[in-house]
Amino acid sequence: MNEKTAGSILTTEGIPLKVSLQKAERRNKIRAILLVAPLLLFILFTFLIPIGDMLLRSVDDSYINTVFPKTFKEYKKWDRQGLPSEELYKTMFFEVKEGSGRSIGKATTRMNYAKSGWKSLLKKSKRKFKKIEEGPYKEQMIAIDKRWADIEYWKALGVMVDPTTAGYYLNAVDLKYNVDKEVVRQKENRRIYNHTWVKTFKVSILVMIFCLMLGYPISYLLSTLPLKYSNLLMICVLLPFWTSLLVRTVAWMVMLQQKGVFNNLLVMSNIIADENRFKLMYNETATIIVMTQILLPFMVLPLYSVMKTISPNYMRAALNLGASPLHAFWKIYMPNSVPGISAGCMLVFILAIGYYITPELVGGKDGQMIGNWIAYHLKTTLNWGLSAALGAILLGVLTVLYWVYNKLVGIENIKLG
Amino acid sequence: MFKLIRATFLGLIAIAFTASSYADITFVSWGGAYTNSQQKAYIDTWSKGSGVTVESYNGGLGEIKAQVEAGNVTWDVVDVLPDQAITGCDEGLFAKVDQSSFINDMVVPPVSDCVVPQIFWAYTAFYSKSAFPGKKPKNIKDFFNVKKFPGKRGIHTWANALIEMALVADGVKASKVYDVMSTPEGIDRAFAKLDTIKDHVVFWSAGSKPLELVSSGEVVMALAYNGRIGAAVLSEGKDFEYIWDATVLEQEYLVAIKGGNEKEALEFMAHASTAQALADQAKYIPYGPMRKSSINIIKKGEPWFIKEGGNIDILPHMPTAPKVLKRAVIADPVWWADNGAEVSERFGAWKGN
């Protein structure tokens with residue numbers, strides 16, 4: 001039907017068909033939106049806003065500016081050469097003395113990230129400042145604690161003067177602002193994150209590869225066996241999948257530790273000597289082994305559902321036309337299973353890269369991943385800014401990987417069944 | 001704009017969850033034998049109005065901060081470590097407490113004005129007697145000496161107490177440890193000492209793990225919370241032996257979360273910090289009460305530890321026993337509140353590289 005004729009056609013009620021159709025269309029649209037509205041709201045509140053909040057936290061440094069506004073204003077006049085002037089000491093003095101205990105306390109937590117020691121210095125000072133009635137303040141403050149005469153403390157304030165900071169991101173990649181607000185590398189003995197980033201990717205990629213190597217033949221078998229056997233095998237894949245993550249992890253601890261089942265069996269059967277037991281637990285090897293087992297179903301299930309749809313006739317045809325079995329597999333079966341491989345690898349990799357509880361339990365000293373540090377800063381140091389920055393980088397890297405993947409393979413090639 | 005969205009978002013959550021009336025309180029502690037002792041000593045005897053729900057957590061202020069910031073406080077009374085008691089009070093997560101009833105009765109002054117006293121506990125090295133049929137390790141130097149006593153060591157995954165112990169093992173006097181730690185060279189020295197056992201350690205993070213590691217022979221010695229060792233010896237008859245040297249004495253407090261059921265929480269905390277309550281707790285776990293008068297109650301009442309078939313003297317198992325105290329390091333929570341983050345990162349780097 002073309003535009004011109006559509007305009008002139010009327011419905012039985014005398015309304016032009018086009019208008020009537022548009023009306024119906026709009027009703028449908030509204031209905032569709034209403035149907036997905038709960039989901040959209042859910043995603044908004046549980047996903048988009050928290051992520052936005054996280055990104056905000058990773059650069060936010062405004063709180064401290066609300067606690068010491070005058071000090072920071074005065075601070076900008078300081079030439080950062082010798083100790084600051086009496087004026088700066090005085091504003092600091094009054095803002096500490098008159099500030100509420102809670103706001104000062106909260107600020108000191110932030111100041112301690114810039115230089116360890118601020119917390120106890122301000123706490124002690126706040127207690128003693130009450131007794132000081134009049135100036136000059138500089139000498140009296142230094143008399144309370146000689147750290148007030150340490151220029152490093154004053155210089156450290158400089159990195160907090162702006163209400164936004166890139167400091168957390170720098171921290172997350174083993175860089176930092178020095179006291180003169182130049183970007184420098186973290187002290188060697190405090191460099192942990194780059195190392196951990198590399199390890200996180202290494203472990204995730206290895207886990208993904210091992211899952212694929214183990215999962216591909218299993219899925220192939222599952223999809224080619226007659227139903228009654230394949231169902232039984234499927235249960236074997238799903239049973240661990242339904243078992244609690246913790247139970248499986250702890251079971252591995254029993255299996256793999258030095259005095260554990262695996263090592264005991266090897267020693268009992270005289271394959272290895274008692275003093276040469278394998279170190280399979282509380283290290284990176286343990287993290288990889290256990291994560292591979294735990295994530296295997298996420299590889300098998302998409303692979304299986306894709307392989308199930310590959311008609312056995314393709315292979316038969318290829319063989320019939322003279323291809324060797326290997327050649328036929330490589331040219332026919334493999335390409336057909338690529339959507340399943342993609343989906344499985346993506347799932348396993350994305351789950352692996354944020355893994356936390358398994359490395360925590362079995363990783364020991366060198367099997368920890370970036371998730372463990374995020375949790376550590378969330379729970380223990382309360383440095384949520386740094387946690388947020390680490391999380392944001394993780395999110396960013398995943399987005400980039402996704403984009404690269406989309407360019408290389410095409411996201412429409414992913415199939416879960 | 002984002003601020004606004006955030007505020008509305010948090011507000012909505014708050015409205016959704018604060019619709020409760022006069023409420024029972026939720027008491028959050030570390031679980032296991034420790035929570036059990038609290039249950040028997042002062043939760044079961046708490047009769048005033050509100051009921052008490054007990055939950056477990058793994059330490060840290062993250063969860064509490066999240067609850068307070070979202071205005072959805074579901075925990076009322078929490079059992080915290082001293083450096084967290086300081087930080088949490090600074091951050092305004094805890095309610096202020098009237099400390100007049102106990103402040104003069106405490107072994108050490110309270111770390112902040114948000115806390116009521118609980119117990120002293122300690123990081124202590126221990127071993128299983130069966131692991132050393134011949135010469136037995138006697139002090140912390142032996143713990144760090146893998147030539148003299150070969151075998152793995154179980155240590156915890158965070159830096160507290162390890163730094164102190166390493167320094168004592170390196171020859172620093174227990175009373176001078178924090179002076180040394182306050183210099184950068186001191187920390188270097190501690191890490192150098194830790195390096196000597198690095199290839200021989202197994203890490204643990206849950207309190208029951210070191211006992212398991214030593215029992216199964218996975219390690220020959222480990223550091224653990226003294227109360228867990230004591231409970232295993234006293235209640236389960238394990239053949240563990242303490243190494244009472246460079247024991248690192250830590251404090252434990254109760255706090256009330258701001259915005260929870262503060263009134264009921266504070267009433268409960270007053271009940272849970274009486275001299276009698278703290279003494280009673282020692283009937284079930286060998287931790288040292290923080291109130292002087294509790295120790296007197298125990299002394300008069302020995303044998304104090306409750307066990308089937310005859311009670312046992314508890315004082316020898318306490319980290320505050322005089323002969324233990326003489327060789328102990330009293331942990332300085334202020335130092336850790338100040339330097340904890342920095343040292344922890346360095347410890348993380350040490351662990352991972």
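The values are calculated or read from the model by the stated rules, or taken from the named source; none is laboratory data. None of these values were measured; they are calculated from a predicted model. All Cβ positions, glycine included, derive from the backbone under ideal geometry; neighbour counts span all protein chains shown.
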- Check on A:Phe278, modelled with pLDDT under 90, out of contact with any Gly (no Cβ under 9 Å at 6 or more places or on another chain), surrounded by fewer than 18 Cβ atoms within 10 Å (Cβ to Cβ) and of a type outside the set (Val, Ile, Thr): yes
- So how many residues does segment B:299-353 have that are touching a Lys or Arg at 6+ places or on another chain (Cβ under 9 Å), surrounded by fewer than 19 Cβ atoms within 10 Å (Cβ to Cβ), more than 14 Å from chain A (Cβ to nearest Cβ) and touching a residue at least 60 places away in the same chain (Cβ under 8 Å)? 0
- Message: Criterion first (surrounded by 13 or more Cβ atoms within 10 Å (Cβ to Cβ), among the aliphatic types (A, V, I, L, M), touching a residue at least 12 places away in the same chain (Cβ under 8 Å) and more than 13 Å from chain B (Cβ to nearest Cβ)) does A:Leu55 satisfy it?
- Response: no
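For (1) in a helix (DSSP H, G or I); (2) within 30 Å of B:Lys351 (Cβ to Cβ); (3) of a type in the set (A, V, I, L, M), each residue gets a yes or a no:
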residue	(1), (2), (3)
A:Gly135	no, no, no
A:Val179	no, yes, yes
A:Val184	no, yes, yes
A:Asn189	yes, yes, no
A:His195	yes, yes, no
A:Val203	yes, yes, yes
A:Tyr220	yes, no, no
A:Ser223	yes, no, no
- Residue by residue through segment A:186-238, note down the ones that are surrounded by fewer than 19 Cβ atoms within 10 Å (Cβ to Cβ) and within 14 Å of chain B (Cβ to nearest Cβ). A:Gln186, A:Lys187, A:Glu188, A:Asn189, A:Asn194, A:His195, A:Val198, A:Lys202
- Unmet criterion (only one of (1) outside any helix (DSSP H, G or I); (2) without any contact (Cβ under 8 Å) to a residue 40 or more places away in the chain; (3) within 24 Å of A:Phe241 (Cβ to Cβ)) for A:Ala323: (3)
- Message: Being under 30 Å from B:Asn72 (Cα atoms) and at pLDDT 90 or above is the requirement here; does B:Ser273 meet it?
- Response: yes
- Selection within segment B:304-334 - in a strand (DSSP E or B) and either under 22 Å from the mean Cα position of the chain (by Cα) or within 19 Å of B:Val248 (Cα to Cα) (or both): B:Phe305, B:Val329, B:Ile330
- Query: Can you name every residue in segment B:55-77 that is within 21 Å of the chain's Cα centre (by Cα), crowded, with 16+ Cβ neighbours inside 10 Å and not aromatic (Phe, Trp, Tyr)?
  - Reply: B:Gly59, B:Gly60, B:Leu61, B:Gly62, B:Glu63, B:Ile64, B:Lys65, B:Asp76, B:Val77
- Among strands (runs of 3 or more DSSP E) lying entirely in segment B:127-239, which contain 2 or more residues that are under 18 Å from B:Asp332 (Cβ atoms)? none
- Task: Confirm whether B:Gln39 is closer than 24 Å to B:Leu249 by Cα, free of Cβ contacts under 8 Å to residues at least 40 places away in the same chain and part of a helix (DSSP H, G or I).
- Result: yes
- Item | Candidate set from segment B:87-111 (those that are within 18 Å of B:Thr274 (Cα to Cα) and hydroxyl-bearing (Ser, Thr, Tyr)); member that is farthest from the other protein chains (Cβ to nearest Cβ) | B:Ser101
- Query: Which of the residues spanning segment A:96-124 are within 8 Å of chain B (Cβ to nearest Cβ), over 20 Å from B:Ala95 (Cβ atoms), assigned to a helix (DSSP H, G or I) and in contact with a Lys or Arg (Cβ under 7 Å, 6 or more places away or on another chain)?
  - Reply: A:Asn112
- Query: Given the conditions (1) crowded, with 19+ Cβ neighbours inside 10 Å; (2) among the hydrophobic types (A, V, I, L, M, F, W, C); (3) out of contact with any His (no Cβ under 6 Å at 6 or more places or on another chain); (4) at pLDDT 90 or above, and given that A:Leu386 satisfies all but one, which numbered condition is not satisfied?
  - Reply: (3)
- What's the number of the condition B:Ala277 fails, among (1) crowded, with 23+ Cβ neighbours inside 10 Å; (2) of a type in the set (A, V, I, L, M); (3) in a helix (DSSP H, G or I)? (1)
- Task: For residues that are out of contact with any Leu (no Cβ under 9 Å at 6 or more places or on another chain) and outside any helix (DSSP H, G or I), tally how many sit in segment A:78-95.
- Result: 7
- Message: Every residue in segment B:60-89 that is closer than 19 Å to B:Gly340 by Cβ and without any contact (Cβ under 8 Å) to a residue 40 or more places away in the chain, please.
- Response: B:Gly60, B:Leu61, B:Gly62, B:Glu63, B:Lys65, B:Gln84
